[in-house]
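Here's the structure, in structure tokens; my notes come after.
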Amino acid sequence: MAAPPISSEATNYARLCLAFRTTCADCLGDILQKNVPLGYGNIYQAVAAKRSQLVQQLKKDQFSMIFPQQSQQPQFVVADCDTSLLYSLIRNVSSVNAPLSGWGKPVSPGDTSLGANVERLRSYRNKIIHSETRMMSSNEFNTIWADVKQCIINIEAVLGGVQHQQSFDNLKTADMDPDFINREITEVGKLLRHIQEKQILQEDCLDEIRKDQIAHGLVLNNLKERKENDMQIANGDLQDVRKAQKVHDDVLSEIKTSQIRQEDSLNDISSVQKDQSLMLSELKGAKELALERIEKKVDKILSAQGIGNTSKRKMIDVPEEAEEEEEGEKQNSQSSALCGIQMTNEGKRQCLEKMSEIKTLAVQEQVQRPDAQIDTLKDSSVTGNNLQPDIIGNTLKRKMIDVPEEAEEEEEGEKQNSQSSALCGIQMTNEGKRQCLEKLPEIKTLGVQEQIQRPDAQINTLKDSSVTGNNLQPVITGENRQEDVVKTLFTLREYQKELAKPAIEGKNVIIVSPTSSGKTIVAAEVIQKHFERKRHREITKVIFLVNQVQLANQQGETLKEKLPAYQTQVISGDVQRSLNISLKDFIDKRDILVVTAQVLLDALVKKDIKSITQFSLLIFDECHHCQAKHPFNQIMSFYMDIKLSNSDYKTSLPQILGLTASVGVGKARVIEQAKEHIKKLMANMDAQEISIVQNNLDELKCYVDVPSEETRYVEERKNDEFGKAITNVMIQIEERMMQCEFLKKLDNADKYKAVLKAPAEKGSAQYTQWVSKLRKETNIQIRDADVRSFINPCRNHLEIYNDILIIYNDASTRDAIDQLKSKMSEWRHHALMKNKNEKELQEMFEKITETDFLERIQDIPNPKLDTLRHTIIESFHGKPDEESRGIIFVKTRELAKFITAWIKNTPDLKYLNPTEFVGTNSSGKNNAMTMAEQVDALKCFRDGRHKMIVATSAGEEGLDISKCNLVIRYDHITNEISMVQSRGRARAKDSKCINLTDKSKGTDEKVECNMIRELMMQKALAQLLKEIAINPEKIKQELKDHQDNEKLNRKLEAHRRKGRHIKTGEFDLRCIACEEYICMSSDVKTVEDVHRVVVLDDLEERVSIIKSKDQQQFSAITISGTLCCKKCNKDIGNVGIYRNAELPFIKISSFLIVDVNDRRDTCKKWSRAPFETLPLTNEDLNCFLDKTEEHNFT
């Protein structure tokens, strides 16, 4: 008998059930098997490793399927799992990241991640399975089918090479057997009844549990009362124990302090002994040099008294041939030394002819002065062209050879006239000297002309040595450096020698050593040995890369001091702009270049420097930054492109040296992941080894003082009226956005409402991220102008209020109020105030800034500031003012400004005379500092004029202030690298590092987590070094694989960027606030490689200009006003004077970028824009000026 006909609703339901049981299950199975967590060979190993967790996370029947009969190893096949089990395994075992909203929660419409699509499939599956009617209309079926299909398409795009879409489409049109449909519906019904029965049982169990809880509650109350009575009795005893313990701890502390002082005394004695030994060695050398000079003075006296060369030769038994050879060398050296230039024989001959004219003048004068004595010019330590400096001071020489002071004064007078006399070895009158000196330019001109004909020759700069007068020391760069390289003016400790060893051997290496252990000194030693090793074989050029301008100055000074024989130049972006020079101008003129990384990267990108192979040694300070898009890593990409190619330049690649106090562990949770992070850094730096102190740890501990670290908590504000008032206004604005009438008219209103849902915690980093995301979502996805004009002002106010709460939490109430008024005044300046929404937002602001309310609350103290005050006073108590320095690290530049002002206005702290130290830009805008201000701040901090610095993260790395004995992290805990770096600023003995924070913010957990990560890093480093020692080839191959991978990623990124860069002129630039058209992308030109100007004659029709009272200088541009959208008054850029012409400069962050297909985008930086801009030419400028004169732009 034929089965009864089945309704289309039942068929639709059965099709979806079948789809989820087959195609969707296969799709989830592929996701599970292709997303194996790092460190496991396959998904079964990962499941086995997480067995103990899965006991709690899976249902009993699901766990039994995977681990039958309680087995320890999984015994299942992925293909046999249903969608529910696959979802649980993906969520709890695989490496798939959770959706933005989290697992088990509704997915945000804009989230297209793999986890989001898995969560959508689970949601649809549950909706179908739990349907009580087990029927589905065609409209609902088509909607769900389309959504599920889109999920499968998205998943295939991520997995790649997986095809489920076709089988899914086939199910939609496949014939459905009525018996099969009935069976499918019946099975689902049984499953649903089973679930319902379980729910009933669970409810019964919960009722029993509730009854038991009530009974237990009564028992617990009785026990609690007894416990309280017992605790009252015990508390009295505990107080006595604590007092005794405190006395005991104080005694132990005094003993420990005494031991430390004894150790310090022993160290000081040892240091003095080393210094004495070194001084004796130097005195011995000085004595030998002095004796040598005495012997030569004797020779000079004998010569003056008429003892000829023959007599002297007999006295010292020198053969005549040797004397003749010496005489020839003297003639050559005499002409070469005159002008400081290495010359050919022909050049020397011409110079000697000129010298003979000078000598003739001198002899003529001597004929008139028969009593004059001809002095033989002898340079005590000249060999060829090289002149060696005498390091013995005048006072020391006088004592050693017993020369009276009167004789020394006579000698000093003779030295002043020595330049002309030394030319021909004859004492002369002033007139004779004048005539001789007139001949000198002719001799030097001959040398210079010869150098022009020999372009490969190098001019040697003659510098005055330690003896005033005749002794000249040449400083020569490159291959012609003198044979005896000047020794370094420092001695390495044993642990520093251990750190330097692999780099001195010429290997690429990362040196990891604590802050204040002298990594820069180690680098100086490596540089010295590098020059010695490469001498006479190839051109040596060292570039020392840093992350900040101030670090460039600091490291440059250190290298100049430690390596005076080499010419060192510091170059930063500010130096290039102020002096109008570039890196290429110095590359052939200096031995060592200390450069900010961005300068070298720009030079490589623009091809000002042809190749990274122009350097022989690259040093990266704070090399842990060599990750992702950091300039360090981008510079190394130029290196990698040569290394991984077939280029002939592979053999000319420079040596790489990295310096850091902490390599970090990234996002690692286990040691294996930490090792992978470190190997990735090694691959990025092409490092063959990591150098740490292993054999000389005891010596390292003697020289590196690790500050004590503690966390102090502050109480919450007892009176928080201002904070509550701001929070209430923010909640009202959030509700306004959700209830926006314009929003309800949109087709996808629910989708946008999900985006508008704000985090609960106001005044937090999470809220700041949400506001930023809301800005992008609003400007790109919402096309309706009414909705945008309503939401944008609300978002602006929320952003302002959130920033104010952050300041209010850490600074004074008065500071927060002043900042709120300032920001709102700036907003009103640009707002049109034409619609009801903006006026109501303004009324909300005015309500919370009523005079009576503000006067009542503005002086309410902040407990966090009180704790900061007590902490500073306690830390500096009993210490001399000249020996105490402190740094307070804060989150933002604004907060640095307010904390600095608060210290200055606090009576018992103002003696610290604090200053800020924040990031730089050329103009010092946006609360930033100029480079000069940073230099002044650090100089005054070192010499004690400022005893306290309030710094952002800009001061965490590298700054060397030896007297700093206090570091306070003011509610500012980030990652383990930042912790190590900021702690390392406290370099004095008995230093402290204090974390000051609210207890509610979980800082304890952050600090503990950072400590765990630091320990994990140390263990990972130790294990990795063992692996490198045991199997270096394996590690080398792993690093090579990573480098190949990264090169491929760079190619893909370049290809993607190339695809995004459509021809110039195909994008509209619209005001981000009102979508008013401003210009085309083809109208934008580049100025000074950084700024963008619009050259469009009718621009004044769409923009307005607000002139500034004070002009600001920014590079070659003088800012004279603000550029605003004429329709909404939104700030979209500046008006600036460039080459005496006033031009409109725009900010890309103020624009909506729209292509020809009406697709939209926003970006914060010009480097992220989907189009390229051409440089501003003279023709562009002339054309613009001609047209704007007609239209009167300015």
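Considering only protein heavy atoms and a 1.4 Å probe, what is the carbon-and-sulfur percentage of the accessible area of the range 791-852?
Taking all protein chains in place, the range 791-852 shows 43 percent carbon and sulfur surface.
Can you list residues whose amide H is under 5 Å from Gln1112's amide H, if they're 5+ apart or on another chain and H is modeled 1.01 Å from N?
The answer is Ile1119.
Considering only protein heavy atoms and a 1.4 Å probe, what is the carbon-and-sulfur percentage of the accessible area of the range 500-593?
Accessible surface attributable to carbon and sulfur in the range 500-593 totals 45 percent.
Once Rh for the range 30-77 is found with the Kirkwood sum over Cα pairs, what is the Stokes-Einstein diffusion coefficient at 25 °C and 0.890 mPa s, in µm²/s?
So the translational diffusion coefficient is about 220 µm²/s.
Between the range 153-172 and the range 1101-1115, how far is it from one alpha carbon centroid to the other, in angstrom?
Result: 56 Å between the Cα centres.
Would you mind working out the accessible area per residue for the range 557-661, using a 1.4 Å probe, and quoting it in Å²?
41 Å²
Using a 1.4 angstrom probe, figure out how much accessible area the range 712-779 has per residue, in square angstrom, rounded to the nearest whole.
With the other protein chains kept in place, the range 712-779 gives 58 Å² per residue.
Carbon and sulfur together cover what percent of the accessible area of the range 35-128 at a 1.4 Å probe radius?
The computed percentage sits at 47.
One quarter of the convex hull surface, Cα atoms only: what value does that give for the range 1-96 in nm²?
Seen from a random direction, the Cα hull of the range 1-96 projects 8.4 nm² on average.
Just the accessible area for Lys821, please: 1.4 Å probe, Å², rounded to the nearest 10?
100 Å²
Once the principal axes of the Cα atoms of the range 560-685 are found, what is the range along each, listed largest first in whole angstroms?
49, 37, 28
I'd like to check one number: the per residue accessible area of the range 1072-1194, probe 1.4 Å, reported in Å² as a whole number.
49 Å²
Would you mind checking the pairs Lys773/Lys1164; Lys753/Lys836; Lys519/Lys1047; Lys1006/Lys1036 and listing those with alpha carbons more than 24 angstrom apart?
Pairs exceeding the cut-off: Lys519/Lys1047; Lys1006/Lys1036.
Principal axis extents for the range 618-669, Cα atoms only, whole Å, descending order, please.
Between the extreme Cα coordinates on each principal axis of the range 618-669 lie 41, 20, 18 Å.
Averaged over all directions, how much area does the convex hull of the C-alpha atoms of the range 764-852 cover when projected, in nm²?
Quarter of the Cα hull surface area: 6.3 nm².
The values are calculated or read from the model by the stated rules, or taken from the named source; none is laboratory data. Everything quoted here is computed from the prediction, not taken from an experiment. Heavy atoms of the whole protein, side chains included, go into the accessibility calculation; ligands, DNA and RNA do not. Shrake-Rupley method; radii C 1.70, N 1.55, O 1.52, S 1.80 Å.
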